[in-house]
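The values are calculated or read from the model by the stated rules, or taken from the named source; none is laboratory data. Owing to the predicted nature of the structure, the values given are computational and were not obtained by experimental measurement. Positions of Cβ are generated from backbone atoms using ideal geometry, with glycine treated the same way; all protein chains shown enter the neighbour counts. Ligands, DNA and RNA are excluded from the accessible area calculation, which covers all protein heavy atoms including side chains. Shrake-Rupley method; radii C 1.70, N 1.55, O 1.52, S 1.80 Å.
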Amino acid sequence: MASFLSILPAVSARPIPSAFSLTRPPFQAQPTMHFKNHRFAVNFSYAEAGVNADSKSNTIDVVADVKSERIVVLGGNGFVGSAICKAAVSRGIEVISLSRSGQPTNSGAWIDQVTWISGDVFYVNWDEVLVGATAVVSTLGGFGSDEQMKRINGEANVVAVNAAKEYGIPKFILVSVHDYNLPSFLLSSGYFTGKRKAESEVLSKYPNSGIVLRPAFIYGKRRVDGFELPLDLVGEPAEKILRAVENFTKPLSSLPASDLLLAPPVSVDDVALAVINGVTDDDFFGIFTIDQIKEAANKVRV
C-alpha cells in the first residue's frame, strides 16, 4: 500500500498564493475518511487567512487502494502450514490458524503475530474463525487406513470448503499432491481419492478463484516431536539434480509411476510463497503443477 506522503505529489492542487500566511487559519475542518470495499478516501477542506478575496478554498481528494488481507490457515502449526503462516505475517497479512493442537511449541517472532485457535474442522464454531477472512488455505491431510485417509484428506476439506463458501469467503486454496503418474489402481487408494475429492469441491465451489497446488515431495526443516528433520539435505540437491537432467528424462515421463523418481521435490518455502501469490493475485486460480508452483513463488520472491 502506498503511503499517504508518497501519493501526494500525484494530486493536482492550485498554487499557493504569495500572500499565504503561516498564521493558523480561523477555521479548519477535520479530514474525513471513508472506507468501502478495502478503499479509503480522505477529503480536506479549509479556509485560509490572508488569502485574496477572489481565491477559493481548495479541496484535495485522495483515494488509494488498501487491500487488507486476512487468511485462515487450516493446519497452520504443521510443516507446510507453519511455513505459510510465517510467509504471510512477514508480508503484513493477518493470519488465523486452526488446528487440533493450537499454537506450536517452537519459538519464533512470527508465532506471536498469528492468532492460534485449537479446534477440529468437523466440530469448530466457524463464527470464531471465518468472519472477516479474505481467503482460506487448507493444508489438511495425512496417512492411515483407507477410511481415515478419505476422511482427513477428503471429507475434512469438503467441510471446510462449504463452510468458507457459506461465510462468503472469496478464495479457497488447497495444498494437494502430485499424482506421480501412478496407475489408476494406486490412485484409487484412500489417500489420493480423498485429495481428489477435496480438489473437486474447491474447483466446483470456487470456479473463478479456487486454487489447487499439486507439489511433489516437500522438503525443508520439519519438526517432529521436538526434533528437527533436515529434509532439505536430501530434497534440495535432489531438486537441483532432477532439474538439471530433466531434458534427458522427459521421454521417461510417460512410464507409469515414473514421477516417483523423476518429479523434482519442492521447497516448503516455494509452496508457502505460491500460496501468498494466490492470496494477493486475483488472476491466479485453477490447478498448479510443480513447475507452476515454482513460477508463482518466484513472482512473490522478487
Order the following by accessible area, largest value first: 140, 187. Probe radius 1.4 Å; ligands, DNA and RNA are ignored.
187, 140
Between the stretch 142-200 and the stretch 232-302, how far is it from one alpha carbon centroid to the other, in angstrom?
20 Å
If the only charges are +1 at each Lys and Arg Cβ and -1 at each Asp and Glu Cβ, what is the size of the charge dipole of the stretch 58-185 around the Cα centre, to the nearest 20 debye?
200 debye
Quantify, in whole percent, the carbon and sulfur part of the accessible surface of the stretch 148-302 (1.4 Å probe; protein heavy atoms only).
58 percent
Using 7 Å Cα-to-Cβ label points, what is the residue 120/residue 252 separation (nm, one decimal)?
4.4 nm
If you put +1 on each Lys and Arg Cβ and -1 on each Asp and Glu Cβ, how big is the dipole of the stretch 201-302 around its Cα centre, in Debye rounded to 20?
120 debye
Rg/Rh (Cα only; Kirkwood hydrodynamic radius) as it applies to the stretch 99-200
1.01
About its Cα centre, how strong a charge dipole does the stretch 157-203 have in debye, to the nearest 20, once Lys and Arg get +1 and Asp and Glu get -1 at the Cβ?
20 debye
Rounded accessible area of residue 134 (nearest 10 Å², 1.4 Å probe)
20 Å²
